[in-house]
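> I am attaching a structure below and will ask some questions about it afterwards.
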Amino acid sequence: MERHSHIRVIGARQHNLKNLDLEIPKEQLVVITGPSGSGKSSLAFDTLFAEGQRRYVQSLSSYARQFLDQLEKPDVDAIEGLSPAVAIEQRTSATNPRSTIGTVTEIYDYLRVLFATCGQPYHPKTEKRLTQVSIQDLVDEILEHPAGQRFQVLAPIVQKEVGTSRDVLERLKRDGYVRVRIDGITHLLEEKIRLDAKVAHTIEVVVDRLGVSSESRTRLYEALELALQLGDGLVIIDWVDPAIPDWKRSNQNFDPETGYRFARLTPRHFSYNSHAGACPTCHGLGTELVPDPKLIIPDDSLTLDEMPVRPWKRTAKLQAALNQSRLRDLARHANVAFDQPWSELPESFHRLILEGSGSEKIEFTSVKNGETRTRKQSFEGVLSETARLFESSSSPLTRKRLGGFLNRKACRTCQGMRLRPEILAVYLEDSTTGEKRNIHEFCACPIADALDFIEGFHWTAHQQQAAKEVIKEVLARLRFLKDVGLDYLTLNRESSTLSGGEIQRIRLATQIG
């Protein structure tokens, strides 16, 4: 065959191509097919088109080339018979790190409503189930006790706070309340109550005193409603019978043993783009910028005299000189040679430079007006210092310089799960099998598994009534993603990591949905 009638590609390795050799006939319509991620776009756009355009631009004058974007030479051994190329490129996915398959298909929006409506919250540390009661349920629970049994309804106002709380007691008295319980002892507000200002006190106002009776249902309901309002969602039932311990109840998600409370769940609590739900450390990104030791010390063959600590070298002259002095003092303290390469220095010295001295004091010297001064202080460490300066600096140039020594790593607080611990402790819990998943676990499993979980889930009658339409939408969208062959993906997969074919099918699923 004649060479000019074909385009011959030898050893293409661009992206996921693995030493591909092929010949493509010219002057014919050629279609490149294959599974998603097999390298179709890498061959067509990033190899053939990139090389064709590069060769064409190289043929122009230097004056013309300055106005044109030049593509890098693709990773390929040789391409023969290639003419100047024009590409009509497919649309690519969003580059926003907050854009995922779940958000693009809007499935995550429905999941937020589903978890807020049907999710069961747990204590984020003890993993105990949190409970909440309605006023009507609490009334019914109280009236189950023997008729005539006495109790009082309390609302916590101050909980273990140091001070005399005189203004609180005066306000309660003005509002018409008669009694308070302070540190377990009941007092009349008309008494002169003096509290030790150095001791932490608990103050609970007595909203009403009642006896168990079906006739007092309305009065009890009103007392509980007022107590929950005063106590910010918490009420205490104090039984006169000492054999019955106090009841602590809440209309919020509540653990009576630890006193932990969490407000009523809303869809925004499950959004990592909202302050209510986003991890406070990474602000919902799942990653944070942290100093990278390999960027801090890029060349370990340098000696201390040649300043291997890159952030200390790439700075103003005066500061660089101060950093060199600091490094000499640290080397003297650790008794290491200043003309020795970094790679040959002991690991303990590496840790001292990078992580700091902790509580250990180090003697630093400085020269001012010809006078040498010494001071002893702990050393922060280059990693911590770089992170601190990057966070505190308001100069874009400084942040850009220091940003070159940082890398993205999984957030130390949420471990890449983007949400607050209390939100990750909310689970969809199967009423029959007890199997449960939080919203991150649901989005981190393949779409096929997520679909199986929802399809096989045993909903309670209340859940069915509250979230029937939401469940229907989630199922429909998951099924369509499975039908178009994307059941191997996960909902938390970032859109920017998808291949062209995958993002086109996701767009199709979104439009059909």
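The values are calculated or read from the model by the stated rules, or taken from the named source; none is laboratory data. Fair warning: this is a prediction, and the values are worked out from it, not measured in the lab. Here the Cβ positions follow ideal geometry from the backbone for every residue, glycine too, while neighbour counts run over all protein chains shown. Each accessible area value is taken on the protein alone, full model and side chains, heavy atoms only, with ligands, DNA and RNA left out. Shrake-Rupley method; radii C 1.70, N 1.55, O 1.52, S 1.80 Å.
> What distance in nm separates the simple spin-label points at residue 436 and residue 58, each placed 7 Å from Cα in the Cβ direction?
Between residue 436 and residue 58, the label points sit 6.3 nm apart.
> Got the relative contact order for region 397-513 handy, in percent, Cα pairs under 8 Å and 6 or more residues apart?
23
> May I ask you to compute the full-extension gain from residue 295 to residue 348, defined as 0.36 nm times their residue separation minus their alpha-carbon distance, rounded to one decimal in nm? Walk me through the intermediate numbers first.
Working: separation 53, 0.36 × 53 = 19.08 nm, distance 1.92 nm.
Between residue 295 and residue 348, full extension yields an extra 17.2 nm.
> Quick check: Cα centre of region 429-454 to Cα centre of region 133-202, how many Å?
44
> Helix-only mean residue ellipticity at 222 nm, the chain, DSSP H runs n ≥ 4 weighted -39,500 (n - 2.57), per residue, nearest 500. What is it?
Computed mean residue ellipticity for the chain: -9500 deg cm²/dmol.
> I've got another one for you. Taking only protein heavy atoms and a 1.4 Å probe, what accessible area per residue, in Å², does region 339-478 have with all protein chains in place? Before the final figure, lay out each step's value.
Working: 7820 Å² over 140 residues.
Heavy-atom accessible area per residue stands at 56 Å².
> Only one of the values (i) 1.38; (ii) 1.44; (iii) 1.01 was calculated from this structure for Cα Rg over 2.2 N^0.38 Å; name its label.
(ii)
> So if a site counts as exposed when it's one of the chymotrypsin sites (Phe, Trp or Tyr not before Pro), its DSSP state isn't H, G, I, E or B, and it has at most 15 other Cβ atoms within 10 Å, what's the longest stretch of the chain without one? Numbers along the way, then the final one.
Working: sites that count: 67, 338, 488.
Between the exposed loop sites, the longest stretch runs 68-337.
> Quote the relative contact order of region 200-335 in percent (integer), defining contacts as alpha-carbon pairs under 8 Å separated by 6+ residues. Spell out each step's value before the answer.
Values: 96 pairs, mean separation 10.7, N = 136.
The value is 8 percent.
> Continuing with the same structure: Which of the GluC sites (Glu not before Pro) found in region 208-278 are in a DSSP loop and have at most 15 neighbouring Cβ atoms, other than their own, within 10 Å?
When the GluC sites (Glu not before Pro) of region 208-278 are filtered for loop state and at most 15 Cβ neighbours within 10 Å, 257 remain.
> Turning to a different aspect of this structure: Would you mind getting me the FRET efficiency between residue 167 and residue 484? Use the beta-carbon distance for r and R0 = 56 Å, nearest 0.05.
0.30
> Tell me, what is the percent relative contact order of the chain, built from C-alpha pairs under 8 Å that lie six or more residues apart? Working shown, then result.
Values: 796 pairs, mean separation 91.0, N = 513.
Contact order relative to length: 18 percent.
> Next question, about the same structure. Efficiency by 1/(1 + (r/R0)^6): what FRET value for residue 510 and residue 340, r their Cβ-Cβ distance, R0 = 45 Å, to the nearest 0.05? If you can, show how the numbers build up before the last one.
Values: r = 60 Å, r/R0 = 1.34.
Efficiency for this residue pair is about 0.15.
> Taking square-rooted eigenvalues a ≥ b ≥ c of the alpha carbon gyration tensor, is region 332-411 rounded, prolate or oblate, where a/c under 1.5 means rounded and, failing that, a/b exceeding b/c means prolate?
It is oblate, given that a/c is not under 1.5 and a/b is not larger than b/c.
> Sticking with this one: Quick check: with the 1.4 Å probe, what order do 326, 55 take by accessible area, largest first?
Greatest to least solvent exposure: 55, 326.
> How much FRET efficiency would the formula 1/(1 + (r/R0)^6) give for residue 198 and residue 368, where r is the Cβ-Cβ distance and R0 is 35 Å, rounded to 0.05?
For residue 198 and residue 368, the calculated efficiency is 0.15.
> If you filter region 196-278 for trypsin sites (Lys or Arg not before Pro), then keep DSSP loop positions with at most 14 other Cβ within 10 Å, what is left?
The qualifying sites are 198, 264.
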